[in-house]
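For reference, the structure discussed in these notes is given below.
The values are calculated or read from the model by the stated rules, or taken from the named source; none is laboratory data. Note that the coordinates shown come from a computational prediction; the quantities given were computed from them, not determined experimentally. Note: ideal-geometry Cβ built from the backbone for every residue, glycine included; neighbour counts use all protein chains shown. Surface accessibility is based on the protein's heavy atoms, side chains included, excluding ligands, DNA and RNA. Shrake-Rupley method; radii C 1.70, N 1.55, O 1.52, S 1.80 Å.
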Amino acid sequence: MSVPLVALNGVTKTYSGITALDDVGFDIGRGEAVCLAGENGSGKSTLIKILAGVEKPDRGRIAFDGAQQSALNPRASAAAGIKVIFQDFSLFPNLSVAENIAFSAELGEGVTLFRKRHVRDIAARTLARIGVDMPLDAPVETLSVAHKQLVAICRALATDAKLIIMDEPTTALTEKEVRALLAIIRRLKADGVAVLFVSHKLAEVLEVCEKVVVLRNGRKVAEGMASEFDAAALTRHMTGRDVALRAPAALDASAPVLFEVASLSKAGAFDNVNFQLRRGEVLGISGLLGSGRTALAKALFGLVAPDSGTLTLGGLKVPLGDPLKAAAAGIGYVPEDRLTEGLFLLQSIGRNVAVGRVDAHSITGLLARAALWAESADWLNRLRVKASSIEAPVRSLSGGNQQRVVLARWLARGPQVLVLNGPSVGVDVGSKAEIHEIIADLSRQGLGVIVISDDLPELLSTCHRILVMRAGRITDDIPAGSTSETELAHRLAS
Amino acid sequence: MQLSSLRIDWTRNETLVPLVIIAFCALAAFSDPSFLSIPTLTDLLRGSIVLGIFAVAAMLVLISGGIDVSFTAVAAFTMYSTAMLLNTLAPDLPWYAAIGIGMAMGAALGSINGILIVGFGLPTLIVTLGTLSIFRGFMLTFIGQKQITTLPPGMREFGRMMMIRGTNPDGSFYSLPWAFAATVGVIVVTWFILHKTMLGRSIFAIGGSLESARRIGINVRATQFFIYVYVGALAGLAGIIHSSMARVANPFDLVGLELSVIAAVVLGGARLTGGHGTLTGTLLGVALIVLVRNSLVVIGVPATWQMVVIGLLILIGTGLPAWQAKRAAARAA
């Protein structure tokens with residue numbers, strides 16, 4: 001057998017007494033796709049940082065192409081062809097596609113003058129290598145998430161990458177975009193480029209990778225050929241327990257109608273949407289990108305103003321197009337993109353929850369800080385947010401815990417209907433199961449919950465009923481128990 | 001070139017500002033037919049010399065994601081100190097030596113900004129607000145407060161060097177000093193740096209995303225340091241030109257102009273959030289501000305209204321594109 005591209009042996013790393021990685025070792029071969037699976041906090045990020053040369057391991061050996069690397073730093077790592085594509089892509093939004101792709105390569109050549117034609121050549125060649133066509137002069141800020149990711153991949157390729165590490169590459173992509181990405185990864189493999197793929201989405205992992213390495217609490221708990229794992233086995237290794245997918249408890253047949261949407265329309269987004277939500281019901285709304293599901297979700301909470309139609313909650317009309325009035329009427333909305341729409345990342349966890357209740361605690365005109373704080377702490381506690389302190393910035397939390405903070409903010413307001421847009425995007429398997437547990441709990445308490453998602457297993461395991469949207473219309477209304485993932489996928493796409 | 005890029009984009013300041021300029025000129029020509037003449041043009045160009053250099057400097061900082069408000073203090077410090085230095089030590093030095101000394105002094109003051117921003121990682125607005133006050137206070141306390149009415153011969157000579165000189169039919173004179181060539185030179189050099197060197201592209205990259213720039217290995221510290229030194233040198237140049245043209249070095253001049261300059265740059269489409277800015281837009285912004293300052297009287301608006309008009313232009317010129325962009329985004333959602 002030939003010398004592996006990257007060989008890790010007994011890598012250990014501790015941060016102020018906490019062991020992040022404990023004696024981890026595995027190999028990555030040339031052109032091999034390896035999946036690094038694990039929940040948040042399992043040590044995946046630390047391992048990436050060590051490979052990228054950002055962090056130094058306390059113990060252990062790392063060899064690139066058989067050569068031992070004693071003092072790895074970002075430069076040495078990049079020179080060895082190890083390229084990390086971070087979750088935020090680290091692109092320049094104001095620069096063109098071509099410049100973003102070629103910038104590192106040009107820096108590497110150490111040129112003084114900017115060679116526009118050369119830069120365009122590099123970009124065009126790299127894009128051709130992954131078989132993607134993109135306008136070279138478009139500013140990156142105008143691209144979709146999927147295209148930005150492709151630009152980031154091209155940038156890595158332009159600097160002669162041997163191993164591309166992708167941190168959570170699929171979290172923000174739709175099913176179709178994920179397919180396209182997987183096709184590109186196959187192409188890279190055929191080209192001799194190895195890929196270390198860090199993902200939460202299990203089905204994808206099994207499809208594209210030859211090898212799977214599972215980390216849990218800093219230890220390697222499983223390693224093997226991808227064909228030896230199935231979704232259930234992976235989940236078991238990652239969480240250390242069985243997380244079963246099961247349908248939600250049946251809805252009480254006599255539950256009264258809580259919320260009604262009647263002939264809601266918005267030109268170019270959705271058309272004549274009608275549905276009812278009963279007390280305690282969890283209703284799923286699914287559809288491909290462009291089906292109008294996001295616009296509809298936003299319209300329910302007044303973030304998008306519909307052209308016509310009515311929303312009725314508990315017999316009262318909800319004013320359209322005004323989030324403050326929608327919230328006052330008893331609707332809560334948890335956005336898809338927590339990071340930009342839902343949280344004040346640099347502010348403390350406590351403040352992030354308290355902000356939704358400032359009005360209620362300042363009736364006299366002065367803020368009753370103690371009561372506000374106590375209420376926030378209570379909700380954080382109820383939702384089991386794991387944090388060192390309520391004063392810690394939200395940014396320091398894992399994805400699952402961040403999602404809980406957003407939920408805590410809304411639940412503190414006592415809403416009657418909660419709209420959750422992509423509730424488990426970017427959270428790990430364990431947290432996902434817990435978020436689903438919370439949803440079930442809310443429904444038992446009589447809340448109406450609307451879950452908007454394209455994660456089909458999620459919909460099947462949390463919802464009583466699933467509405468399918470296509471081209472702005474609701475085309476199917478399916479009781480969750482009577483369908484399967486494949487059938488649902490078929491209805492979404494056809 | 002794609003067809004779409006040829007279509008007029010109404011949300012860009014580079015389209016709006018020229019329209020306002022044309023409308024303004026049409027109005028002025030309507031009230032006073034002699035407005036459209038060479039003397040008006042040379043007046044405007046002369047008025048743009050110092051403001052233009054300042055604006056290019058301010059734009060460079062904005063592109064990198066920072067903001068500099070100290071450049072007027074650097075300019076005032078430099079012109080006053082250089083005039084005093086040459087008068088007492090070396091009155092015979094030629095004009096280009098005066099410019100050289102001024103730019104070196106400006107660069108030195110700029111490097112103080114650079115050290116505070118790069119070395120200590122302090123926010124650019126706070127650093128330059130501080131140095132604005134320090135440079136000015138230092139000059140007034142330790143160097144002098146009295147106007148220098150007799151400039152060193154080199155600077156006097158430079159102020160008198162004319163590119164274009166002529167007489168109007170009514171017997172009055174018009175002229176454009178060679179200092180205008182310095183502004184053109186600054187524009188060309190800055191354009192070259194921004195668009196033809198990796199240094200310039202790094203400035204854009206840093207303004208686009210500081211963190212990404214660090215991650216892909218751009219030397220962020222060196223680039224930022226360069227920016228503040230270069231801006232200091234430009235401010236020094238502008239200071240020397242200002243006093244040469246005014247035939248006097250008044251230590252109370254220039255300071256207070258910094259917000260008008262930043263306004264001109266923002267009118268030209270540069271964003272306070274960094275990463276965006278064009279020389280064309282900046283120069284159009286300068287042209288508009290100078291036009292308002294010089295010619296508002298022509299269309300019958302009292303001079304005291306200048307500030308109100310400039311304020312309205314800023315609000316409309318930057319607000320309209322922002323509002324249109326927001327509406328477009330709302331329609332797309």
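Rounded, prolate or oblate for chain A? Axes are the square roots of the Cα gyration tensor eigenvalues, ordered a ≥ b ≥ c, and the cut-off for rounded is a/c under 1.5.
prolate
At each listed q (0.07, 0.10, 0.11 Å⁻¹), what is the log10 of I(q)/I(0) that the Debye formula gives for the protein assembly as shown modelled as equal alpha-carbon point scatterers?
-0.69, -1.18, -1.30
Computed on protein heavy atoms with a 1.4 Å probe, what is the summed buried accessible area for the chain pair A and B, in Å² to the nearest 100?
1800 Å²
Answer rounded, prolate or oblate for region A:151-308, using the Cα gyration tensor with square roots of eigenvalues a ≥ b ≥ c: rounded when a/c is under 1.5, else prolate when a/b is larger than b/c, else oblate. Mind showing how you got there, number by number?
Details: a/c = 3.50, a/b = 1.61, b/c = 2.18.
Taking the square roots of the gyration eigenvalues as a ≥ b ≥ c, region A:151-308 is oblate.
Amide H to amide H under 5 Å from residue A:466: which residues, 5+ apart in sequence or cross-chain, H placed 1.01 Å off N in plane?
Excluding prolines and chain starts, which carry no amide H, the hits are A:284, A:478, A:480.
Report the charge-dipole magnitude of the protein assembly as shown in Debye, nearest 20, computed about the Cα centre from +1 at each Lys and Arg Cβ and -1 at each Asp and Glu Cβ.
760 debye
In a shell of Cβ-Cβ distance under 10 Å around residue A:212, excluding residue A:212 itself, what net charge do Lys and Arg (+1) and Asp and Glu (-1) give?
My count for the surroundings of residue A:212 gives -2.
Find how many whole Å separate the alpha carbon centroid of region B:100-136 from the alpha carbon centroid of region A:18-62.
Between the Cα centres of region A:18-62 and region B:100-136 lies a distance of 44 Å.
Using a Gaussian network model on chain B with a 10 Å cutoff between Cα atoms, which of B:119, B:200, B:171 fluctuates the most?
It is B:171.
Please calculate how many Å² of accessible area region A:378-494 carries per residue, with a 1.4 Å probe and no DNA, RNA or ligand atoms counted. Intermediate results must be reported in sequence, preceding the final value.
Values: 4440 Å² over 117 residues.
Per-residue value: 38 Å².
Keeping all protein chains in place, calculate the accessible area per residue for chain B (probe 1.4 angstrom), answer in Å².
Computed with neighbouring chains in place, this is 46 Å² per residue.
How much accessible area per residue does region A:237-319 have, counting only protein heavy atoms and a probe of 1.4 Å, in square angstrom?
Working: 3730 Å² over 83 residues.
Per-residue accessible area for region A:237-319 comes out at 45 Å².
Kindly flag which residue pairs out of A:44/A:189; B:146/B:196; A:13/A:211; A:116/A:148; A:116/A:298; A:49/A:298 have an alpha-carbon separation exceeding 32 Å in this structure.
The answer is B:146/B:196; A:116/A:298; A:49/A:298.
Whole percent per 10 Å bin, from 0 to the bin with the longest distance: what is P(r) over all C-alpha pairs of region A:1-158?
Distribution as computed: 10, 33, 30, 21, 5, 0 percent.
From the backbone phi of region B:302-313, what are the Karplus-calculated ³J(HN,Hα) couplings (6.51 cos²θ - 1.76 cosθ + 1.60, θ = phi - 60°) in whole Hz, Gly and Pro given as x?
x, 4, 5, 7, 2, 5, 5, 5, 4, x, 4, 4
Are there cysteines in chain A with no second cysteine's Cβ under 4.7 Å away, and if so, which?
Singleton cysteines: A:154, A:463.
Please list 3J(HN,Hα) in residue order for region A:81-87, calculated via the Karplus relation 6.51 cos²θ - 1.76 cosθ + 1.60 where θ = phi - 60°; whole Hz, with x for glycine and proline.
Calculated HN-Hα couplings, in order: x, 8, 10, 9, 9, 6, 4 Hz.
FRET efficiency for residue A:362 and residue A:325, Cβ-Cβ distance as r, R0 = 22 Å, nearest 0.05?
With a Förster radius of 22 Å, E is 0.70.
Give me the net charge of residue A:479's neighbourhood, meaning all other residues with Cβ under 14 Å from the Cβ of residue A:479; Lys, Arg count +1, Asp, Glu -1.
-1
Given the C-alpha centroids of region B:168-244 and region B:254-326, what is the distance between them in whole angstrom?
The distance from the Cα centre of region B:168-244 to that of region B:254-326 comes to 19 Å.
Which shape class applies to region A:434-494: rounded if a/c is under 1.5, otherwise prolate when a/b exceeds b/c and oblate if not, where a ≥ b ≥ c are the square roots of the Cα gyration tensor eigenvalues?
Prolate, because a/c is 1.5 or more and a/b exceeds b/c.
Taking the Cα centre of chain A as origin, work out the dipole magnitude from +1 charges on Lys and Arg Cβ and -1 charges on Asp and Glu Cβ, in debye rounded to 20.
Details: 55 positive and 53 negative charges, 133 e Å.
I would put it at about 640 debye.
Quantify, in whole percent, the carbon and sulfur part of the accessible surface of the protein assembly as shown (1.4 Å probe; protein heavy atoms only).
After summing per-atom areas, the C and S share lands at 59 percent.
Given H placed 1.01 Å from N in the peptide plane, which residues other than close sequence neighbours of residue A:84 have an amide H under 5 Å from its amide H?
A:165
Using the 2.2 N^0.38 Å rule of thumb for compact globular proteins, work out how chain B stacks up: its C-alpha Rg over that value, please.
On the way: Rg = 20.6 Å, N = 333, 2.2 N^0.38 = 20.0 Å.
Ratio of Cα Rg to 2.2 N^0.38 Å: 1.03.
What does the charge add up to near residue A:140, with Lys and Arg as +1, Asp and Glu as -1, over the other residues with Cβ less than 12 Å from its Cβ?
-1
Would you mind checking which residues have amide H under 5 Å from residue B:197's amide H? H placed 1.01 Å from N; only 5 or more apart, or other chain.
A:114
DSSP loop chymotrypsin sites (Phe, Trp or Tyr not before Pro) in region B:103-197 with at most 14 other Cβ atoms within 10 Å of their Cβ, which ones?
Listed in order of number, the matching sites are B:120.
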